[in-house]
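What follows is one structure encoded as C-alpha cells, with my remarks underneath.
The values are calculated or read from the model by the stated rules, or taken from the named source; none is laboratory data. Computed from a predicted structure; not experimentally measured. Note that we place each Cβ from the backbone using ideal geometry, even for glycine, and neighbour counts take in every protein chain shown.
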C-alpha cells in the first residue's frame, strides 16, 4: 500500500500562485506515512466547475478542505467545501458540501452539492463501509457545532435521515515540506493506483538508452534506419537518431567495424524568438516555415521564416508577409497566424480587424498553386471566415473571433476557434467548433457549436478565456490542446480529447482535463506558457511550438520543445532537454557489419 495526501495551498499572490489555483485539491504521495512528494509540480489536480447563468455567463468556484475517502470497489470520493472563485463565502453552497468521485485521482466526476446544514460548514469527514453505498458524513459548522448523518447513496445528493449531534472528530496533522501546503487528510491506496499517479503526475526523465549490439548496413543511409531507444522513468520510450563516427568505415569493403556515436538531440534554448507569441511551424514542399504574432510592433505585421530544418528556423531571416496598411479592412491586431493544409493547398488562418479591437475576426489567406510561402505576393488577400450562407459568424463590434485552427478527422475538415461576446455583457471567451467546407475553406459547413467554456479556476484566472486551440492526432485519439486565463503569468494549457467514431459536434462526447498540463510551474524560468501548436518532422518526432515569458515581467517569446507521450499516449509538454536525454547515456558503441 501507498499513502496519498490531499491538501490545498496558501495563495502567494496574483502573479505566482493566486487563490483560483491555490484553492483546489493538490496531491502528494509516499510509500510511508511521511516524506511526501508533491505531484503535478505542486499544482492542483481537482478544481470545481463554475456555475452557469441563464445568459451563459459563469460564476467562478473554488474548493477548500477536499477530504478524500474510499467508496465501494475501486471507487473513491472527495467531499469538499465549495467557495467563490477567490475563496470567499459562496451563498449557493451554504450548508452544503461538493461531492466528486474518481477511480484513479486523475479524472473526476463532479456529482454536485449535498445539503447538510443551515449554516456554513467548516470541516467535513467521510467514512464508508467496505463494498456499501452508504456513507457516514460528519461535519463542523461555523457555530462550532458537530453533526453526522448517514447517506445511503452519495449520487442521490440527499440525506434520507435527519442529522444528529456528533462528537468532534479527532485528527492528526501531518507535517510536510511541501511549499504552501494546507493539510486535509491522508488515505491508503493500492500500489497499482500509486504507481499510475506517479507515472501520470510526475514529469518522466531519461533512465537509459538502448541500441543493438550489432547492426548490418551497406551505406550510411542504411545505418540511419537504426534508431536508439531512450527509456524513461514512467516506462515509456522514444526513438532517437544517432550521429556516428564513420571515419574508419569503408562501405566498399565487407567486414566488421567497431563504431562510436552520440544520440542526436536538437537544442532549442528558450526563447528561440523574443516578442513572438502564438508561434506555428509547418513543413511545405520539403522546407520549414515559422510564423507568429509580432508583439514588437503592436501586432501590425506578420513575418515568416524559411529554413531547410527546424533548427535552422531560429536564425533564419524574417520576411514580411502581411501588414496593416496593404489591404482594406485589415488595419491591425494581426493575431495568431497558423499554417494549415486543406485538400493539398496551403492556407494561413489568422485574426485581424479594420481598426478597433471589438471588430477582431478570423480570416484566411490562400497560397497560390505553385507559390512560395515566403513570397508575400504569392498569398491571396485575407478573407473573413463566414457561415455556409455567407453571413458573419457573429456580429462584429459586439463579438470577436480569433485563434481559428483547422484539422482533418475521419474524412472531414473541422475548425475550432475562440469567440467572445462583449456586448451587451462580457461572457468570456468560449471555444466553438464547426465543420469546414474544404472547397471554399472560408466557409463553415455546419452551424457553430460551443465546445468549451472557461469553467475551472485555472481557466477563469484573471479573466474568463479559452483560446488558442490546436489539434494533435495520435492513433484513434484526437487531442485538442487550448490555452486559458489571461495572457500574463496565469496563462496555461489544458486539453480536450475524443475517440474515433464519435461525433465531434456533440460537446458531451469530449473529455476535458480537470487540470492544465502546462503552467508557469512546469518549467523553471518560463511563465505564462501557452498558445501552442505542433509540427511533426521528417523523422516522426512531434514538436511543440509555444510562447512563454522569460521571467515574470518578460515579453511573450517563442519556444520549441519535443512532445513526449505518456503511458496513455497523452501529450507531455514539460519534458525539457535535460529530462529528455541524460548526458550519461548519449555515448553509444556498436559493431557495424558491412556486407
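Summary of values
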{"quantity": "Residue match in the stretch 146-169 (condition: in contact with a helix residue (DSSP H, G or I) (Cβ under 8 Å, 6 or more places away or on another chain) and surrounded by 17 or more Cβ atoms within 10 Å (Cβ to Cβ))", "calculated": "no"}
{"quantity": "Count of the stretch 540-558 residues which are over 18 Å from residue 471 (Cβ atoms) and touching a strand residue (DSSP E or B) at 6+ places or on another chain (Cβ under 8 Å)", "calculated": "11"}
{"quantity": "Exclusive hit being farther than 17 Å from residue 124 by Cβ and assigned by TED's automatic domain parsing to the domain that holds residue 121, set 234, 195, 210", "calculated": "195"}
{"quantity": "One residue from 443, 425 being within 20 Å of residue 363 (Cβ to Cβ), over 15 Å from the mean Cα position of the chain (by Cα) and surrounded by fewer than 20 Cβ atoms within 10 Å (Cβ to Cβ)", "calculated": "443"}
{"quantity": "Condition check for residue 471: assigned to a loop (DSSP other than H, G, I, E, B) and in contact (Cβ under 8 Å) with a residue 12 or more places away in the chain", "calculated": "no"}
{"quantity": "Sole residue being closer than 24 Å to residue 346 by Cα and outside any strand (DSSP E or B), chosen from 457, 390", "calculated": "390"}
{"quantity": "Positions within the stretch 293-351 being at positive phi and at pLDDT 95 or above, in sequence order", "calculated": "298, 299, 333, 336, 343, 344"}
{"quantity": "Residue check, residue 353 surrounded by 19 or more Cβ atoms within 10 Å (Cβ to Cβ) and farther than 19 Å from residue 545 by Cα", "calculated": "yes"}
{"quantity": "Every residue from the stretch 273-299 that is surrounded by fewer than 19 Cβ atoms within 10 Å (Cβ to Cβ) and within 24 Å of residue 578 (Cα to Cα)", "calculated": "274"}
{"quantity": "Of all residues in the stretch 75-98 being over 25 Å from the mean Cα position of the chain (by Cα) and surrounded by fewer than 18 Cβ atoms within 10 Å (Cβ to Cβ), the one that is farthest from residue 52 (Cα to Cα)", "calculated": "75"}
{"quantity": "Counted residues, the stretch 346-387 - those being outside any strand (DSSP E or B) and under 31 Å from the mean Cα position of the chain (by Cα)", "calculated": "10"}
{"quantity": "Only listed residue being surrounded by fewer than 19 Cβ atoms within 10 Å (Cβ to Cβ), farther than 23 Å from residue 459 by Cβ, in contact with a strand residue (DSSP E or B) (Cβ under 7 Å, 6 or more places away or on another chain) and touching a residue at least 40 places away in the same chain (Cβ under 8 Å), chosen from 127, 101", "calculated": "127"}
{"quantity": "Those residues of the stretch 543-559 which are more than 15 Å from the chain's Cα centre (by Cα) and touching a residue at least 24 places away in the same chain (Cβ under 8 Å), in sequence order", "calculated": "549, 550, 551, 552, 554, 555, 556, 557, 558, 559"}
{"quantity": "Restricting the stretch 1-23 to residues that are part of a helix (DSSP H, G or I) and in contact with a strand residue (DSSP E or B) (Cβ under 7 Å, 6 or more places away or on another chain), the residue that is nearest to residue 78 (Cα to Cα)", "calculated": "22"}
{"quantity": "Within the stretch 300-322, tally of residues that are under 18 Å from residue 361 (Cβ atoms) and surrounded by fewer than 20 Cβ atoms within 10 Å (Cβ to Cβ)", "calculated": "1"}
{"quantity": "Complete set of residues in the stretch 267-300 that are in contact with a strand residue (DSSP E or B) (Cβ under 8 Å, 6 or more places away or on another chain) and assigned to a loop (DSSP other than H, G, I, E, B)", "calculated": "268, 270, 271, 272, 274, 275, 298, 299, 300"}
{"quantity": "Boolean, residue 249 is assigned to a loop (DSSP other than H, G, I, E, B), at pLDDT 95 or above and in contact with a strand residue (DSSP E or B) (Cβ under 9 Å, 6 or more places away or on another chain)", "calculated": "yes"}
{"quantity": "Pair list, Cβ under 9 Å, 6 or more apart: the stretch 310-336 residue part of a loop (DSSP other than H, G, I, E, B), other residue surrounded by 20 or more Cβ atoms within 10 Å (Cβ to Cβ) and modelled with pLDDT under 95", "calculated": "324/332"}
